[in-house]
Amino acid sequence: MAAPFFTTPFQPYVYQSPQDAITPFQILGGEAQVVQIMLKPEEKVVARPGSMCFMSGSIEMENVYIPENEAGLWQWLFGKTITSVVFRNPGPSDGFVGIAAPSLAKVLPMDLAMFNGEILCQPDAFLCSVSDVKVSNTFDQRGRNMVAGAEGFLRQKISGQGLAFILAGGSVIQKNLEVGEMLSVDVSCIAAVTTTVDIQIKYNGPPRKAMFGGDNAVTAVLTGPGIVFIQSLPFHRLSQRIARAVTSPNMRENPKLFIQIVMFLFLAYLVILSSLILTDV
């Protein structure tokens, strides 16, 4: 029999929870990956909304609010969802569910018990979880670590003793830092770090320039001990490249567009200025 035209680079894994529950799972695909999780009767998986790709007929899906996951006003203000999707197997036989990455991303399984029950991730890194896992958003209270944009100061904390699946873009590199070992990483390239790693923010130039964004404007200096997972292609960097590729041809095809925008802003300025003058009179 001829071999299939596609391959799955990752073999099936088996996760054993602290309660000795066995959960087989398999990561499928190469770039935009899918994790397939086997569910025994009465077992469940918690995932982010819109991540379901496929599931067996015995699986039930429900969109719920989980009080254990700290999703409040701040998360809502930054456009984050405050609900989760629960996949439960109520049937007498085993079932499965496929959870897909929403973009070109790798799926990383994280056994939280191996990281002392807690790990810090980039925003929206959480994909799904099995067993005891809690997801919350944390702010860096140190003023020098404040960076423009939600990704600079809103980090996702995943805690518990279960198995969590997180997302990372492009190629993923794991660095094990010894005590006192330092590593400089672009802020957007940090996919996840353990809580034992000290993070200091370094501005490559005046801080006011970093407020307006730019590539490699802000660097994170990481000091061990601990583990850091680095991604080569963050989603926001990919989206910026796509946006530039889409908008740049339009500007070349219509060079008058920039002049029209400037004229519109100038006329709006004149209208506002004249209204202020008339009001004073």
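Values as computed for the structure displayed
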| quantity | calculated |
| --- | --- |
| Nearest-10 value in Å² for the accessible area of V193, using the 1.4 Å probe | 10 Å² |
| Overall dimensions of segment 16-61 as given by Cα atoms, namely Rg and Dmax in Å | 11.9, 33 |
| Filter on K157/K202; K106/K202; K106/K175 - keep pairs with C-alpha separation over 24 Å | K106/K202 |
| Computed label-point distance, nm, for sites V14 and T83 using a 7 Å Cα→Cβ extension | 3.7 nm |
| Ranking by accessible area, most exposed first, for M55, M114 with a 1.4 Å probe | M114, M55 |
| Segment 88-140: projected area of the alpha-carbon convex hull, averaged over directions, in nm² | 5.3 nm² |
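The values are calculated or read from the model by the stated rules, or taken from the named source; none is laboratory data. Worth saying up front: this structure is predicted, and the values here are computed from it rather than measured. Quick reminder, even Gly has a Cβ in these numbers, built from the backbone with ideal geometry, and neighbours come from all protein chains shown. Ligands, DNA and RNA are excluded from the accessible area calculation, which covers all protein heavy atoms including side chains. Shrake-Rupley method; radii C 1.70, N 1.55, O 1.52, S 1.80 Å.
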